[in-house]
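What follows is a short report on a single structure.
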Amino acid sequence: MTVYTLYIFDRNGTCLYYTEWNRKKQPGMSKDEEFKLMYGMIHSIKSFVHRIAPTDLRDGFSNFRTSRYKLNFYETPSGMKFIMTTDLTVGNIRDILHQIYSNIFVEYVVRNPQCELGQPITSELFQTKLDEFIRGLSIFPTRIS
Amino acid sequence: MGIFSVFIINKAGGLIFQYDHYSQRPEVEKTFSFPIELVLKQQDEKLVVAFGERDGIKVGYTLMGVNGIPVEGRFLQNDGTDAMEIINSPHNYPINLKFGRTKLTTNEKIMLASMFHSLFAIGSQLSPEPHSSGIEVLETDGFKLHCYQTMTGIKFIALTDPRQGGVDALLRKMYEVFSDFALKNPFYSVDMPVRCDLFDTNLQQVIEACEKQSIGNV
């Protein structure tokens, strides 16, 4: 069970935070382009799902799987988007993403008077707490690969 | 009903076949007094609820009828008056409005198929692991979208209930039926829309068999 990367976007599409733990393949484009492509893809998937849905949806798109990885998505009512790519063995981690939002993002970024909303997060405290939280999760590998 | 619909997309991203197995779309009819709290917006020639969900009328529902008269796009069917004008003038109230999710038009389906074709490719491009395929399963809380891409680039897509099992086998069976009744049909050209009766009948049988089987398993 592995976590590969985590992206945090705000409602305007700015990538506020990106981190990787076990990423093996770079997408072959600059980080800025990758963030724009990721945000664009997520925005398109949300719109696609809303239009093609045969029944009413409560939460909308939650995750997708390919042959190698799983992309998990969680959006808050304020438009903050948390995207975590993991391997295929993880189950539903919507709760984990929600915890990242409420216990780490809100505590260490929103409540930090020095952190400007809408700007990429530079707070080291946030980075440490987030890293600690992720490494403590059961889905993160405990052995050093 | 486990399986909602199936789509087949050719290697260029064009929709070549579509079948709705179960499409009961919700409809809500309600009487309103002025002013209505729903915000209606024009989207693709339809009037769609953009804000102000209430009483079972959700965002995304289309205006389907005013006082029992069906609405086509923005105008009433019988005399062509603008529905927005009727809704905005207080002397027409109390007014009976019908909202619902309309069936997708063929154009919309073609557009959504090409959209998925691109998203499938981007899913593979953004992979953190090498040699990833495109999107195979896309999950939401209301439905699951399964996609099987063949070696020749054709995608078989099924929209199902989230609890439905055996969809991988269904997609492969669909490929078999496609090979037998469409590809082997001398009047069918590859990458063109599929118009073969035998394909339609056999596909329906395969879908029904898959649904029955999963009901037995659950």
query = When only Cα pairs under 8 Å and 6 or more residues apart are kept, what is the percent relative contact order across chain A?
reply = 28 percent
key: Selected from A:38, A:84, A:29 as most flexible by GNM, with chain A as the system and alpha-carbon contacts under 10 Å   = A:29
ask   = Fewest first, what order do B:133, A:30, B:127 take by the number of other Cβ atoms within 10 Å?
value = A:30, B:133, B:127
ask   = Looking at the square roots a ≥ b ≥ c of the eigenvalues of the Cα gyration tensor of chain A, which shape do they give, rounded for a/c under 1.5, prolate if a/b is larger than b/c, or oblate?
value = rounded
request  = List the aspartates and glutamates whose Cα lies under 17 Å from the Cα of residue B:109, skipping any in the same chain that are fewer than 8 positions away.
outcome  = B:20, B:44, B:45, B:191
ask   = Straight-line reach from residue A:25: which lysines have Cα under 25 Å away, leaving out those fewer than 8 places along the same chain?
value = A:36, A:70, A:81
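Indicate the gyration tensor shape class of the protein assembly as shown (rounded, prolate or oblate), computed on the Cα atoms with a ≥ b ≥ c the square roots of the eigenvalues: a/c under 1.5 is rounded; otherwise a/b larger than b/c is prolate and the rest oblate. Intermediate values should be presented prior to the final figure.
Details: a/c = 2.12, a/b = 1.16, b/c = 1.83.
Since a/c reaches 1.5 but b/c is at least a/b, the shape of the protein assembly as shown is classed as oblate.
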remark   = Note to self: C-alpha centroids of segment B:40-74 and segment A:1-42 sit apart, in Å, by 37 Å
Kirkwood-type radius of segment B:12-126, with distances r between different C-alpha atoms, in Å = 16.0 Å
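Helix-derived [θ] at 222 nm for chain B: sum -39500 (n - 2.57) over DSSP H runs of at least 4, divide by residue count, nearest 500? Provide the component values of the computation, followed by the final result.
Values: 4 runs with 59 residues, N = 218.
That comes out to -9000 deg cm²/dmol.
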query = Computed over the Cα atoms, what is the radius of gyration of chain B divided by 2.2 N^0.38 Å, N being its residue count?
reply = 1.24
query = Where the centre of each part is set by its Cα atoms, how far does segment A:57-75 sit from segment B:148-218, in angstrom?
reply = 25 Å
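How big is segment B:89-218 by the Kirkwood estimate over distinct Cα pairs, in Å?
On the way: mean 1/r = 0.0569 Å⁻¹.
Computed over Cα pairs of segment B:89-218, the Kirkwood hydrodynamic radius comes out at 17.6 Å.
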ask   = Taking 1 over the mean of 1/r across every pair of different Cα atoms in segment B:165-218, what Kirkwood radius in Å do you get?
value = 11.9 Å
key: Fluctuation leader among B:128, B:70, B:35 - chain B, Gaussian network, Cα springs under 10 angstrom   = B:128
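Bear in mind these aren't lab numbers, they're just calculated from the coordinates by the rules spelled out. It should be emphasised that the depicted structure is a prediction, and the values quoted were computed from it without experimental measurement. Note that each Cβ is placed from the backbone with ideal geometry, even for glycine, and that neighbours are counted across all protein chains shown.
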